[in-house]
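Participant: Shown below is the structure under consideration.
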Amino acid sequence: MFVFFCPHCGENREEEEFGYGGEAFIPRPSAPETLDDDAWGDYLFMRKNPKGWHWEMWSHNTGCRKFFVVKRNTATNAIAGSWTLSDGRKAYDAEGGAT
Amino acid sequence: MTSFRVRRPGARIDFEKPLSFSFDGQPYSGFAGDTLASALLANGVRMLARSFKYGRPRGIVGSGPEEPNALMQIETGAHTIPNLKATQVELYDGLTARRTTGYPTLEFDLKSIGGVFARFMPAGFYYKTFQNQKLWPKFEHIIRQAAGYGSAPAEPDPETYDHSHRHAQVLVVGGGASGLLAALAAGRAGLKVVLLDEQKECGGWLLSSPYSIIGGKAADAWLKIVIGELQSMPNVEVLTRTSAFALHDMNLVLAVEQLQDHLPLAERAVNRPRQRLHRIRAESVVLATGAIERPLVFGNNDVPGIMTASALTTYLNRYGVAVGKRVLLHTSNDHVYQGACDLIRAGCEVVLADARARVNPAWEKRARAAGVDLRLGYGISFARGGREVNGAQLVKLDAGQNVVTGTGPSIDCDALGSSGGLSPTVHLYCHDGGRPHWDEEKLAFVVPATGRAKSRIYCVGAVTGEFGLQQALEQTQRTIGDLLASLGKPTDTTSAVDVRTDEPQTVPPRRIFRIPDGKREGHGKKAFVDFQNDVSAADIHLAVRENYRSIEHIKRYTALGFGTDQGKLSNVNGFAIAADARGVSIPEVGTTTYRPAYSPVTFGTLAGLHADETFEPRRYSAMHACHVARGAEFEPVGQWLRPWYFPLPGEDMHAAVRRECLAARRGVGIMDASTLGKIDLRGKDVREFLGRVYANDWAKLAPGKCRYGLMLDENGMVMDDGVTACITDDHFVMTTTTGGAARVLSWLEKWHQTEWPDLDVYMTSVTDHWATAAIVGPKSREVLAKVCAGIDLSSSAFKFMDWREGTVAGIPARVFRISFSGELAFEVNVDANYGHYVWEALMDAGGEFGITPYGTETMHVLRAEKGFIIVGQDTDGSMTPLDLDMAWAVSMKKPFSFIGKRSFARSDTAGPNRKQLVGLLTEDPEIVLAEGAQIIERADTAPPVPMLGHVTSSYYSPELKRSIALAVVRDGINRRSEEGRKAGRNVLYAHAGGKAHKVRLVSPVFVDPKGERQNV
Amino acid sequence: MRKDYSSWSLFTKGLRHNEGWDPAWRSAEPKPSYDVVIVGAGGHGLATAYYLAKEHGLRNVAVIEKGYLGGGNTARNTTIVRSNYLWDEAALLYEHALKLWEGLTEDLNFNVMFSQRGVFNLGHTLQDMRDIERRVNANNLNGIDALVLDAAEVKRRIPILNTAKTARYPVLGASFQPRGGIARHDAVAWGFARAASKYGVDIIENCEVIGMDIANGRIVGLETTRGPIRSERVGCVASGHSSVLAKMAGIRMPIESHPLQAFVSESMKPVLDTVVMSNAVHGYASQSDKGELVIGAGIDHYTSYTQRGSPHIIEHTAAAIIELFPMFSRVRMNRQWGGIVDTTPDACPIISKTKIKGLYFNCGWGTGGFKATPGSGNVFAHTIAKDDPHPLNRAFDLARFSTGHLIDEHGAAGVAH
């Protein structure tokens, strides 16, 4: 069971306070109508699901109800850190949006 | 029956307090401080179980959680507990224990007949036979009856459990010498320390070793001083009878504390939990979990009276029980020597067969001086005896190879203890992904002496392979010094503790696990590795021969280590024998995965207070008491309990619903609608936001107006619906389905925060803040008029889909003129604190009009008569708005591509022959179709029958005096159209429970198709 | 195939100290090339190889496995077998599997202990009962045995079940599939391995795929930890690790790998002789032949490849089991574990060709793959042998995630099984 640091509350809290928000940084296409079915299906359903470092979202359900980003290793459960969505985006881009 | 009691210095037995207990109906006596095991042994009870597969007599082997055989059914009736290990049951006065094996009796076990044919029942024999699928149930029945130990209680549990959440700076697991020293060091440094020990008092092996000297003090005295100091520290908490059974990620240790099991039933406090689960988050975990001695594997090593040497020593020194008068010890290492000397001092005769030809000279000298009959270079070929051991045959072992070089003497004995070395208790270290490594010198899977610094898991004492007391304590001092240094604390808090002992330096053990008997494996007497599952050395060889070579395969094929002892005695022997059988090294074989629980934990403890009515919270509206007072029947909807219907005396549900429906259609009804989810949205961009998350358009909804919306997922399917009111231009109130409220709020938050943080929107759940009463029916306006102030209720001033602010019964209210029944209706929303009061006020006001409270069932009938859907009942996550014939609720012209829109255009979603919502009428108006009936084309086809859809809602309509139904049917909208009717495609069958009824597809709007009534 | 496991062979080999038993399967060294390579020696992969050999005559086949065979979800599930799925596509596929289960022990000459003790799916709300009615009617029309039972009948058949109306989740009824049951999970892997091996299939353990050789849109071979292996047809059956393999091929998968946990009690005398599942309380239980209660938990919501989940899930499941069976409160959990389940958006598997010619995937079984083992292998073998889906798995292709033709089993599958 994880302990997450909520960057909004500034607190370490038990996993039970949080909800899993899935893979982070899957931007919604700005013009969905221009996409073909494959590209739309990719956005809807395809996921990186890496074995290793994973950028993901959690929401502080029973706290501030805000989403934030966690970089977690799915092979070891190690946590590298948590960030607000915008700070996380910068950190994610800084490492090249890698898996 | 040669066991006898001895008074030992430091023994934990109070001979002044005799206790009576029974085993298998026989009365016995013991003393305060006994375990059930020590008391049974003191009473000369040797055989107390029969083995799992072969029905062989079995006795006590260990003295703690490693015990494989002595599984007991403790107490009877509702208090009964199956499978407790006698070695862990503290004796109390009046304790009742029964055997869990041996049918019909312990003396004669039916399975022992099978034991005669044991050679035809090798490991995995059942995979090779009983291959007739028709006969298998019969074989299986016999196997099932023969399997299993104790019995589950037949009654609900009369005791309770709870959970405690703790935070520690340093959590020390294990209160033996090393754990105590670690806790002392951390405590003296001022850290918040929790120390756990599974036994009733700390001390660990020191309790079995009264002659050990630490820093010039006898073990007993040392313990008193250290425990005394720990107890005096306010920052240190010592929890005994508390077993750490799991270590999870990020240093979460789960431990179960036994609060009452050691007390006689009559003395247990009813208001106190039986057991408590401690969830401990520790900044640093110190594992001082010690080690467990494993036995040697030799022929007939399962005869009662044969145990581990350390168990023999423990029973003697801690419990004052000499298990036998003439004791044969067999070892490959130094650990038994002190015990051998202790047994002599207690008056036993001791023969010690050491597999090593040359042993530790210091120990040899001490043992010989004490009078131990030392036989060096010998092994036990096999033990003698049936229901109790009476001797053993020794063989001469080669000094290097593990082979027999000659015969040895036959030794008579009435107790036999063996030691194959110590196996560190590495379980917790491995629960979160750690792995132990093999130490070839110490012949043990050990954890690193440095622990896992990154995770702040430290390991001290025997678990690291430091088996000598002094070395263990020195290693503990070093490790805790490191821990304290990492926290910037003074590291010298225990350097003052003198840890010098009088133990001779240990010398390496002999690498031997299975004592050879001069025969090929499988030809000699059965030599057991895992007692609980009757796994012999030959079984492991057979598994390897059959190519079950991975240790996981061996485990699964033979059941090695699968028992309730989790292989604490057997695993390492099994790994070593597998290594020999495969001709590889032990590390190459590796270990099986260590999984929680270290020792078994009751379900009740895991559940804690999440049981019975507190299993999950239940929600009640502010008006709940009003409904109870009126005799409502209730229905669970999501977390809520809602009134289902309100039967009058003598009414069944059908009659009540009929009456309620007619009241709402002809007079006035009232319903508690408080449970609908309500979300308050504020900000200048709420209107834009609504346009993105709903399928319909919100651009022109003016303050004072309401609108129904369909919410879709990005896959284009309907996920929720509800009415949203515009309070002001930047303030809206959304309603959701009762069950969907939390999901919808999370959904909206996610979109807002992740995709559109630029939109100025703030969302708050206000479900619990408002209580809502829906007043429904042609006379609703008259009722409301009596209690409502500040609102012009006339149809011209207050139109359908308007909302107004005023007071109802003097309470500020928002009144929505919306309708889920098609009738004139008003929904009165007030502060939930006034909900009860306002409901009663409306009931009073409606008295003269015959106002009739109704529940969810009538609500369903009324809405079905109008063809209004219930999301989750008429939809199942595979319906688009178009499938529901609700194109009117979709705005394809909005500039923003709202959630789900793009998915409409996919080939399948846009394709023909989708399931669509229609109405159904049965040929026979009295037949009410089953909800869930399948729609088929013909009534007379044999399976597989193509299915066109199913009935989603079905009721008897009192208004129409006939049954009605809603269904989703492939191409349903065309089928029910003019052309469909002409082509006869509108007549189908609804099939349920083996019967098919002819149905006609019609519009889903059965009552008031023009929708005039709601506008009056 | 020679039936060399029998009571007679136990007798004759027993007389000779059981020294005459042959290896259950051959452990092979990888050859340079194969006609077909199956990646993943779990139940599904081994079954695929078996049916490739048996029904399609393909014998130059290897099954490669990064660990030990049957060591993934095959070894970690709660062994429930049933076919009472809602949608036609799923129901027919699982029923195909169930029919194979009914003859599997004899077909493999290996007792997989398929015990048809029946499966109850409890209904706790009116909507549960509507869903049950719908599913049972659909099952019957598809020729699958199923019936709807009311609470009294459920109580009669499972006397220890708590059917009190005051329960937090009162039991209103259940669906019951008499032909459902449980099987011995390890035996399924071993039995298929042995039978495939007899046909000449090479089973290669400790051989991990580290790369795929793809040329001109077609698979030509694999890089493994035991060297390169040539093959123009590769079937990936790697459950939780499917995304890892797909990435090597440059394919995106609609899969997320989650922990799914389970636990067993200590072994006890028979107390529960059927399988009880409840989606509402998130728990299901049966009792193994050895006497352990085998209990499945709900899924952990985050992704993980660690084969362990969070303990509060186990705690909730223990509470759920007590809710259903109050007397189990004093029973003890002996061991808990986790698997890695490959979930899809519609809770249905993917048994499909891919855009890479010769590369096939069989994955996405989520929480319910064990019950499909023989059927999954059977249709996947067909798909690989013919380079064309079997009619029973045509709907389970990857294209559905573009066309929108999802087979949404969430309603019928609920938590897990």
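Participant: Give me the mean projected area, in nm² to one decimal, of the convex hull enclosing the Cα positions of the protein assembly as shown.
Facilitator: Numbers: hull surface 224.3 nm².
Convex hull of Cα atoms, orientation-averaged projection: 56.1 nm².
Participant: State, in angstrom, two size descriptors of segment B:815-860 derived from its alpha carbons: Rg to one decimal place and Dmax to the nearest whole number.
Facilitator: Taking only Cα atoms of segment B:815-860, I get Rg and Dmax of 11.5, 29 Å.
Participant: In the neighborhood of B:L328, defined by Cβ-to-Cβ distances under 11 Å, what is the net charge if each Lys or Arg adds +1 and each Asp or Glu adds -1?
Facilitator: Values: positive: B:R326, B:R375, B:R384; negative: B:E349, B:D373, B:D412, B:D414.
Here the charged neighbours net out to -1.
Participant: If we count every other residue with Cβ under 13 angstrom of B:A699's Cβ, Lys/Arg +1 and Asp/Glu -1, where does the sum land? Walk me through the intermediate numbers first.
Facilitator: Numbers: positive: B:R687, B:R692, B:K700, B:K705, B:R707, B:K893, B:K894; negative: B:D685, B:E688, B:D697, B:D729.
Net local charge, B:A699 excluded: +3.
Participant: In what sequence, highest mean first, do B:89-98, C:5-14 appear when ranked by Cβ atoms within 10 angstrom? Please report the intermediate quantities before stating the final value.
Facilitator: Values: B:89-98: 19.5, C:5-14: 15.8.
Listed from highest to lowest mean packing, they are B:89-98, C:5-14.
Participant: Roughly how many Å is it from the Cα centre of segment B:359-430 to that of segment B:245-267, as a whole number?
Facilitator: 37
Participant: What does the convex hull of the alpha-carbon atoms of chain B project to on average, in nm²? Walk me through the intermediate numbers first.
Facilitator: Details: hull surface 203.1 nm².
Over all viewing directions, chain B projects a mean Cα-hull area of 50.8 nm².
Participant: Still on this model: Would you mind giving the mean number of other chain beta-carbons within 10 Å of the Cβ of each residue in C:267-275, as a whole number?
Facilitator: Details: counts 14, 10, 13, 7, 6, 1, 2, 0, 0.
Mean inter-chain Cβ contacts per residue within 10 Å come to 6.
Participant: Compute the angle between helix C:373-386 and the longest alpha-carbon principal axis of chain C, please, reported from 0 to 90 degrees and rounded to the nearest 10.
Facilitator: That works out to roughly 30 degrees.
Participant: Count the DSSP beta bridges whose two residues both fall in chain B, then state the antiparallel fraction as a percent rounded to the nearest 5.
Facilitator: Details: 139 of 188 bridges.
Once the DSSP bridges in chain B are tallied, antiparallel ones form about 75 percent.
Participant: Output the Cα-based Rg and Dmax of segment B:4-129 in Å, rounding Rg to one decimal and Dmax to a whole number.
Facilitator: Spelled out, the Cα radius of gyration and Dmax of segment B:4-129 are 16.6, 58 Å.
Participant: Sticking with this structure for a sec: Around C:K290, under 13 Å between beta carbons, what's the net of Lys plus Arg minus Asp minus Glu among the other residues? Each step should come with its number before you reach the end.
Facilitator: Details: positive: B:K53, B:R144, B:R556, C:R184, C:K269, C:R335; negative: B:E140, B:D534, C:D186, C:E266, C:D289, C:E292.
My count for the surroundings of C:K290 gives 0.
Participant: Shifting gears a bit: Within 10 Å of each candidate Cβ there may be at most 15 other Cβ atoms; applying that plus a DSSP loop requirement, which trypsin sites (Lys or Arg not before Pro) in segment B:805-905 survive? Don't jump to the answer; show the numbers that get you there.
Facilitator: Working: sites: B:R814, B:R817, B:R863, B:K866, B:K893, B:K901, B:R902; in loops: B:R817, B:K866, B:K893.
Within segment B:805-905, the qualifying trypsin sites (Lys or Arg not before Pro) (loop, at most 15 other Cβ atoms within 10 Å) are B:K893.
Participant: As I understand it, the value is the acute angle between the Cα axis of helix B:361-370 and the longest principal axis of the Cα atoms of chain B; what does it come to in degrees, rounded to 10?
Facilitator: Helix B:361-370 sits at roughly 70 degrees to that axis.
Participant: Specify the angular offset, from 0 to 90 degrees and rounded to the nearest 10, of the alpha carbon long axis of helix C:185-198 from the longest principal axis of the alpha carbons in chain C.
Facilitator: 20
Participant: Sorted by average packing, counted as other Cβ atoms within 10 angstrom per residue and highest first, what order do C:195-203, B:10-18 take? Each step should come with its number before you reach the end.
Facilitator: Working: C:195-203: 23.0, B:10-18: 15.4.
Packing proxy ranking, top to bottom: C:195-203, B:10-18.
Participant: Roughly how far apart, in whole Å, are the Cα centres of segment B:683-727 and segment B:37-114?
Facilitator: 68
Participant: Using only Cα atoms, locate the centre of segment C:227-305 and the centre of segment A:45-99, then give the distance between them in Å, rounded to an integer.
Facilitator: 25
Participant: Between B:Q231 and B:E937, what is the spin-label point distance in nm, taking each point 7 Å from the Cα along the Cα→C-beta axis?
Facilitator: 8.4
Participant: Sum -39500 (n - 2.57) across every DSSP H segment of at least 4 residues in chain B, then divide by the residue count to get the 222 nm mean residue ellipticity, nearest 500.
Facilitator: Working: 25 runs with 224 residues, N = 1016.
That comes out to -6000 deg cm²/dmol.
Participant: Here's a follow-up. For C:107-119, what's the mean count of beta carbons from other chains sitting within 10 Å of each residue's beta carbon? Don't skip to the answer; put the middle values down first.
Facilitator: Numbers: counts 1, 2, 3, 4, 12, 4, 7, 3, 6, 4, 3, 0, 0.
Across the residues of C:107-119, the mean count of other-chain Cβ atoms within 10 Å is 4.
Participant: Next question, about the same structure. Within 10 Å, count the other beta carbons around each residue, average over each peptide in C:374-385, B:545-556, C:263-274, and list them highest first.
Facilitator: Highest-to-lowest ranking by the protection proxy: C:374-385, B:545-556, C:263-274.
Participant: Hey, could you get me the Stokes-Einstein D for segment B:912-1008, Kirkwood radius over alpha-carbon pairs, 4 °C and 1.567 mPa s, rounded to whole µm² s⁻¹? Write down the numbers at each step before the final one.
Facilitator: Working: Rh = 13.1 Å.
It comes out at roughly 99 µm²/s.
Participant: Give the percent of DSSP beta bridges with both residues in chain C that are antiparallel, rounded to the nearest 5.
Facilitator: About 70 percent, rounded to the nearest 5.
Participant: Counting only other chains, and only Cβ atoms inside 10 Å, what mean value do you get across the residues of C:5-15?
Facilitator: Details: counts 6, 3, 6, 1, 2, 9, 4, 1, 6, 7, 2.
That average works out to 4.
Participant: Which value, in Å to one decimal place, does the Kirkwood hydrodynamic radius take for segment A:18-94 when every pair of different Cα atoms is included? Could the numbers behind the result be given before it?
Facilitator: Values: mean 1/r = 0.0732 Å⁻¹.
Answer for segment A:18-94: a Kirkwood hydrodynamic radius of 13.7 Å.
Participant: What pairs from B:K192/B:K489; B:K134/C:K99; B:K750/B:K915; B:K525/C:K3 go past 19 Å between their alpha carbons?
Facilitator: On the way: B:K192/B:K489 13 Å; B:K134/C:K99 14 Å; B:K750/B:K915 30 Å; B:K525/C:K3 31 Å.
Pairs exceeding 19 Å: B:K750/B:K915; B:K525/C:K3.
Participant: How much of the pair distance distribution for segment B:808-925 lies past 25 Å, counting alpha-carbon pairs only, in percent?
Facilitator: Tail fraction, whole percent: 48.
Participant: Something else: So, in nm, how far is label B:S585 from label B:D439 when the simple model puts each one 7 Å beyond its Cα toward the Cβ?
Facilitator: 1.6
Participant: Send over the per residue convex hull volume for segment B:300-408, Cα only, as a whole number of Å³. Working shown, then result.
Facilitator: Working: hull volume 9.9 nm³, N = 109.
Normalising the Cα hull of segment B:300-408 by residue number yields 91 Å³.
Participant: Another question, if that's okay. Gaussian network model of chain C, Cα springs within a sub-10 Å range: biggest mean-square fluctuation belongs to which of C:G291, C:G43, C:G173?
Facilitator: Among C:G291, C:G43, C:G173, the largest GNM mean-square fluctuation belongs to C:G291.
Participant: Given points 7 Å out from each Cα along the Cα-Cβ axis, report the C:L15 to B:A699 separation in nanometres with one decimal.
Facilitator: It is 9.3 nm.
FYI, it's all coordinate maths here, none of it is from the lab. If you're wondering where the values come from, they're calculated on a predicted model, not measured in any experiment. Cβ sites come from the backbone with ideal geometry, for glycine too, and all protein chains shown count toward neighbours.
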